[in-house]
Amino acid sequence: MPAEKTKKTNVCSICHLSNTASQVVVSRGNPLARLMIIGEAPGAKEDALGAPFVGRSGKLLDFLLEEVGINSKKAVFVCNAIKCRPPNNRRPSQKELSYSLPWLHQQIELVDPWIIILAGSTAVQTLLGVKEPITTLRGNWHHWEGRSTMPIFHPAFLLRNPTKLKGGPTSLTKGDLLKVKNRLDKITTAQSMQELIVDIGCKS
């Protein structure tokens with residue numbers, strides 16, 4: 001797979017946001033991963049370092065992934081719906097998101113994940129085209145182009161609502177990620193069984 005197309009670059013002419021951003025933030029993680037995470041847009045830390053989810057939100061996301069048994073460095077490919085930081089960390093406009101959507105679709109095609117986690121309402125609306133509240137959508141499986149998708153609260157929301165109580169945002173998100181881990185394990189097992197059957201068939 002041409003993984004180089006998923007890595008960061010400093011050149012982008014899709015929209016005007018690159019005029020104010022320090023650099024274009026494309027991705028981090030394993031481009032061969034079966035799990036992909038899509039967020040909203042780069043923040044100040046991401047703009048400075050050139051990678052998505054590397055600030056406080058990203059550290060929390062990595063922690064929660066590790067808590068449920070998902071290796072945040074080797075088992076995940078991370079990107080955003082839009083690749084340049086909007087001024088003052090404002091929410092990207094619909095026009096900006098639409099300009100960047102073909103790039104996001106290309107990333108999905110190249111990485112070819114089994115499961116996509118959509119972190120926050122912007123990512124959900126961009127990929128699935130639905131505008132229901134994230135409180136309603138999260139924790140439930142949705143499907144896009146034959147792939148399983150799981151909406152979750154954006155980690156920034158968890159930081160703004162820091163409670164560890166059962167039923168709180170962090171607890172719910174951990175449960176959502178556990179659903180993802182369990183489905184990944186089932187798909188991996190099924191793939192391994194299929195490969196074994198094919199191997200036996202070739203040798204018989």
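Ranked highest first by the average count of other Cβ atoms within 10 Å around their residues, in what order do 53-60, 172-179, 96-103 fall?
On the way: 53-60: 19.8, 172-179: 18.2, 96-103: 16.8.
Answer by packing, highest mean first, reads 53-60, 172-179, 96-103.
What is the spin-label model distance, in nm, from Thr188 to Lys59 if the labels are put 7 Å beyond Cα along the C-beta direction?
Once both label points are built, they end up 2.7 nm from each other.
Given Cα pairs under 8 Å that are at least 6 residues apart, what percent is the relative contact order of the range 3-203?
Relative contact order comes out at 21 percent.
Given H placed 1.01 Å from N in the peptide plane, which residues other than close sequence neighbours of Glu40 have an amide H under 5 Å from its amide H?
The answer is Ala81.
Considering amide H positions built from the backbone, and no H for Pro or chain starts, which residues 5 or more places from Ser148, or on another chain, come under 5 Å of its amide H?
Sorted by chain and number, the residues that satisfy this are Ile116.
For the pair His105 and Ser93, how long in nm is the line joining their label points, each one 7 Å along Cα→Cβ?
Roughly 2.2 nm, to one decimal.
Testing the spin-label approximation: label points 7 Å from Cα along Cα→Cβ at Leu32 and Leu159. State their distance in nm.
In this crude spin-label approximation the distance works out to 3.2 nm.
For Val76, which sequence-distant residues (separation of 5 or more, or a different chain) have an amide H within less than 5 Å of its own amide H, given hydrogens modelled in the peptide plane?
Residues meeting the criterion, in which the H sits 1.01 Å from N, are Asn30.
Please sort by residue number the chymotrypsin sites (Phe, Trp or Tyr not before Pro) in the range 117-187 whose DSSP state is loop and whose Cβ has at most 15 other Cβ atoms within 10 Å.
Passing both the DSSP loop test and the Cβ count: Trp141.
Starting at the first residue of the range 133-141, write each ³J(HN,Hα) from the Karplus equation 6.51 cos²θ - 1.76 cosθ + 1.60 with θ = phi - 60°, in whole Hz, x for Gly and Pro.
So the Karplus estimates, Gly and Pro as x, are x, 4, 5, 8, 7, 5, x, 10, 6 Hz.
With θ set to phi - 60° and the Karplus curve 6.51 cos²θ - 1.76 cosθ + 1.60, what are the ³J(HN,Hα) couplings of the range 36-50 in order, to the nearest whole Hz, using x for Gly and Pro?
Result, rounded to whole Hz: 10, 10, 10, x, 8, 7, x, x, 4, 5, 5, 4, 6, 9, x.
If you scale each eigenvalue of the Cα gyration tensor by 5 and take the root, what three semi-axes come out for the range 3-203, rounded to whole angstrom and sorted largest first?
Numbers: eigenvalues 153, 92, 47 Å².
Ellipsoid half-lengths, sorted descending, are 28, 21, 15 Å.
Take every Cα-Cα pair in the range 61-116 and report what % of them are more than 14 Å apart.
Result for the distance tail: 64 percent.
In whole Hz, with x marking every Gly and Pro, tabulate ³J(HN,Hα) for the range 106-121 from phi via Karplus 6.51 cos²θ - 1.76 cosθ + 1.60, θ = phi - 60°.
Ordered by residue, 3J(HN,Hα) equals 5, 4, 4, 4, 6, 6, 6, x, 7, 10, 10, 8, 10, 8, x, 5 Hz.
Rule-based calculations on the coordinates, nothing more; no lab input. All figures in this text were calculated on a predicted structure; none of them were measured in a lab. All Cβ positions, even for glycine, are placed from backbone atoms using ideal geometry, and neighbour counts span all protein chains on display.
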